[in-house]
Structure formats: C-alpha cells, structure tokens
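*Asks:* Sharing a structure below in structure tokens format, with a few things to ask.
The values are calculated or read from the model by the stated rules, or taken from the named source; none is laboratory data. Owing to the predicted nature of the structure, the values given are computational and were not obtained by experimental measurement. Here the Cβ is made from the backbone with ideal geometry for all residues, glycine too, and neighbour counts use every protein chain on show. These accessible areas exclude ligands, DNA and RNA; they are computed on the full protein's heavy atoms, side chains included. Shrake-Rupley method; radii C 1.70, N 1.55, O 1.52, S 1.80 Å.
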Amino acid sequence: MLYDLSDRERAILELLADRSYLSVSEFSSILGVSEVTIRGDLSALEEKGYLLRSRGGAIPAIHRNIIERQKLHVAEKQKIARKAAELVHDGDRIMIEAGTTTALITRYLVGKQDVQIVTNSMLAFSYARVNPQINLILTGGSFRRETESLVGPVAVQSLGSFNARLAFVGTDGFSLARGMTTQLTEGAEIVRAMSKRAEITWLIADSSKFGKIGFVSVLPLQAVHGIITDAGLSQEAVQALQAEGLEILLA
C-alpha cells in the first residue's frame with residue numbers, strides 16, 4: 001500500500017508506526033509544514049484507509065508489522081509482482097494469498113479483462129478495488145491485523161468452494177531442506193487450501209527469504225509449480241531448485 005504515497009505521507013505513517021498517536025501540531029513541527037497542510041494529508045490518508053483521525057491528531061489503521069514489511073526490498077517486490085501479473089490471462093480465475101508481495105500483483109493487472117480473484121488479503125483488496133475489470137471475492141474469516149489477512153476455519157472452508165487456474169502464495173522462508181515455512185499456523189492453512197484448489201501454484205518470494213526457516217512447515221517445494229523471485233537469488237540456488245523440478249522466474 002505504501003508504494004503509491006508521497007514522501008511526506010510515508011513519513012506520517014512511519015511516525016505513527018513508532019509512536020501510535022501524534023497530534024497535528026506535532027506532525028507540523030517534525031515535518032516542517034503547516035498544520036493546514038498536515039490536516040489535508042491526514043484527511044487524504046484516512047480516506048485511503050491508512051489511519052484514523054483522533055483527538056486532534058491521528059492513530060494508525062495498519063499494523064506496524066505491515067508498515068515495516070512494506071519498507072523492505074521495495075524494488076524487488078514490485079518487479080516480482082509485475083512478473084507474476086504477466087502470467088494472468090484475460091478471463092482468468094486466480095487465488096492470491098495474503099502478503100506484502102502477493103498483494104501487489106493486483107496492482108499490475110491493469111489492462112487485463114474479466115479477471116476473477118479469490119483472496120484472503122485485505123492489502124490485495126485495497127489495490128483491486130479501483131480496477132473495474134477485476135471481480136473480487138474475499139474469503140471471509142477472522143481478521144488478523146498484523147498480516148492484514150482473513151484466516152481461520154471460515155476462510156479455509158470458503159476456499160474449498162472455488163476452482164482456480166493459478167494460485168499465488170507467499171512464505172516467510174523457503175529452503176531445499178525444509179520447503180516453504182512460515183511463522184503462523186493460520187497462514188499455512190490458507191496456503192495449503194489454495195494449492196489444493198488451483199491447477200498451478202506459484203510461490204512468490206524475494207531472494208532474501210531463501211534459506212530462511214520459519215516455525216511452521218507449509219508445503220514441500222515440490223508441491224508448487226515454480227518460484228517467482230528476484231535476480232538476487234544465486235545461480236547455485238537457481239540450479240539446485242531447478243534440479244528439484246521447479247520452474248524459476250527471475251524478475
């Protein structure tokens with residue numbers, strides 16, 4: 001979400017991530033602009049769903065964890081998401097799992113016609129809602145603020161009602177030894193459910209996640225068709241993954 005904001009708007013959200021609440025006068029003093037300008041910025045950010053106005057100031061509407069993750073590997077995530085979007089055809093039926101990179105895919109579907117998306121990602125929803133050519137279905141479920149996702153039994157059951165050609169799923173880490181791993185059991189359940197309902201599953205992950213091992217095992221790498229990542233992945237890693245039968249797309 002942060003990718004479409006001005007430098008000052010990003011600075012406002014970063015300040016809120018550190019302090020949870022700031023007044024208009026404090027924003028004005030720190031950023032060196034008038035209170036009138038700050039009020040305009042806060043109103044615009046509230047309309048976009050980034051914050052809530054409160055007691056002469058503002059509080060964040062997005063969990064700090066999301067803000068911090070969106071600031072990491074920005075260029076790589078954008079390239080990966082754009083590469084993934086190239087795989088989507090007009091009239092396609094796809095699933096998108098929650099994550100800061102996977103959510104960006106919907107941003108790059110401009111020009112595609114009649115695309116149906118099933119997702120548990122509120123970030124993906126925020127991008128897709130402005131595109132009239134995307135038909136969007138949210139899974140429902142319990143809202144997890146720190147991942148901007150819908151999870152739990154309701155979300156998993158909902159996914160069982162749909163069939164998709166493609167599923168784009170994320171991970172906290174992936175390795176040859178342990179496969180795809182994450183920190184949250186609920187997220188793992190969503191990935192497994194999507195992979196069962198899709199003809200082709202792509203893992204979407206920047207190269208910094210290779211070799212990292214999360215708390216929860218999700219799927220073996222052989223359970224996905226391939227991995228879309230960035231050019232930071234070493235040639236040795238690419239060859240080792242290809243030897244396991246995976247297609248590797250470097251953005």
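*Asks:* Check every one of the strands (runs of 3 or more DSSP E) wholly within the range 205-251 and list those with 1 or more residues that are among the aromatic types (Phe, Trp, Tyr) and more than 15 Å from ALA84 (Cα to Cα).
*Replies:* Numbers: elements: 216-219, 226-229, 247-250.
Passing ranges: none, list empty.
*Asks:* Restricting to the range 172-196, what's the tally of residues that are open to solvent by 10 Å² or more (accessible area, probe 1.4 Å) and closer than 16 Å to ALA98 by Cβ?
*Replies:* The qualifying residues number 11.
*Asks:* Restricting attention to the range 87-142, report how many residues are of a type in the set (Ser, Thr, Tyr), touching a Phe, Trp or Tyr at 6+ places or on another chain (Cβ under 8 Å) and modelled with pLDDT under 95.
*Replies:* Pass one, the range 87-142, residues of a type in the set (Ser, Thr, Tyr): 100-102, 106, 108, 119, 121, 126-127, 139, 142.
Next cut, touching a Phe, Trp or Tyr at 6+ places or on another chain (Cβ under 8 Å) only: 102, 106, 119.
Among the residues that remain, those that are also modelled with pLDDT under 95 are: 106.
Looking only at that region, the number is 1.
*Asks:* Which of the residues spanning the range 102-133 are in contact with a Lys or Arg (Cβ under 7 Å, 6 or more places away or on another chain) and open to solvent by less than 10 Å² (accessible area, probe 1.4 Å)?
*Replies:* First, the residues of the range 102-133 that are in contact with a Lys or Arg (Cβ under 7 Å, 6 or more places away or on another chain): 104, 108, 116, 127, 133.
If the condition is that a residue be in contact with a Lys or Arg (Cβ under 7 Å, 6 or more places away or on another chain) and open to solvent by less than 10 Å² (accessible area, probe 1.4 Å), then LEU104 is the only one that fits.
*Asks:* For the range 132-149, check the following and say yes or no: at least one residue is among the aromatic types (Phe, Trp, Tyr) and within 17 Å of the chain's Cα centre (by Cα).
*Replies:* Within the range 132-149 (the criterion being among the aromatic types (Phe, Trp, Tyr) and within 17 Å of the chain's Cα centre (by Cα)), the answer is yes, since at least one residue qualifies.
*Asks:* Then there is this: Return the residue satisfying two criteria in turn: it lies in the range 47-64 and is loosely packed, with under 15 Cβ neighbours inside 10 Å and charged (D, E, K, R), and of such residues it is nearest to GLU148 (Cα to Cα).
*Replies:* Looking at the filtered set, the residue picked out is LYS48.
*Asks:* Another question, then. Just checking, does the range 181-190 include any residue being assigned to a strand (DSSP E or B), of a type outside the set (S, T, N, Q) and out of contact with any Pro (no Cβ under 7 Å at 6 or more places or on another chain)?
*Replies:* Start the filter on the range 181-190 by keeping residues that are assigned to a strand (DSSP E or B), which leaves 181-182.
Next cut, of a type outside the set (S, T, N, Q) only: none.
Checked against the condition, which is being assigned to a strand (DSSP E or B), of a type outside the set (S, T, N, Q) and out of contact with any Pro (no Cβ under 7 Å at 6 or more places or on another chain), the range 181-190 yields no hits at all.
*Asks:* With the structure loaded, tell me whether ALA167 is without any contact (Cβ under 8 Å) to a residue 60 or more places away in the chain, of a type outside the set (D, E, K, R) and open to solvent by less than 10 Å² (accessible area, probe 1.4 Å) or whether it fails that test. Show your work before the answer.
*Replies:* On the way: without any contact (Cβ under 8 Å) to a residue 60 or more places away in the chain: no; of a type outside the set (D, E, K, R): yes; open to solvent by less than 10 Å² (accessible area, probe 1.4 Å): yes.
In short, no.
*Asks:* Can you tell me which residues in the range 81-97 are part of a loop (DSSP other than H, G, I, E, B), more than 12 Å from ILE117 (Cβ to Cβ) and either open to solvent by less than 10 Å² (accessible area, probe 1.4 Å) or out of contact with any Asp or Glu (no Cβ under 9 Å at 6 or more places or on another chain) (or both)? Lay out the reasoning, then the answer.
*Replies:* Start the filter on the range 81-97 by keeping residues that are part of a loop (DSSP other than H, G, I, E, B), which leaves 86-92, 97.
Adding the requirement that they be more than 12 Å from ILE117 (Cβ to Cβ) leaves 86-87, 89-91.
Across the range 81-97, the qualifying residues are GLU86, LEU87, HIS89.
*Asks:* Looking at the range 107-119, can you tell me whether even one residue there is among the hydroxyl-bearing types (Ser, Thr, Tyr) and assigned to a loop (DSSP other than H, G, I, E, B)?
*Replies:* Our first condition is that a residue be among the hydroxyl-bearing types (Ser, Thr, Tyr); within the range 107-119, this holds for 108, 119.
Applying the additional criterion that residues be assigned to a loop (DSSP other than H, G, I, E, B) yields none.
No: zero hits.
*Asks:* Quick check: is even one residue across the range 6-23 open to solvent by less than 70 Å² (accessible area, probe 1.4 Å), among the hydroxyl-bearing types (Ser, Thr, Tyr) and over 30 Å from THR106 (Cβ atoms)?
*Replies:* There is at least one residue in the range 6-23 that is open to solvent by less than 70 Å² (accessible area, probe 1.4 Å), among the hydroxyl-bearing types (Ser, Thr, Tyr) and over 30 Å from THR106 (Cβ atoms).
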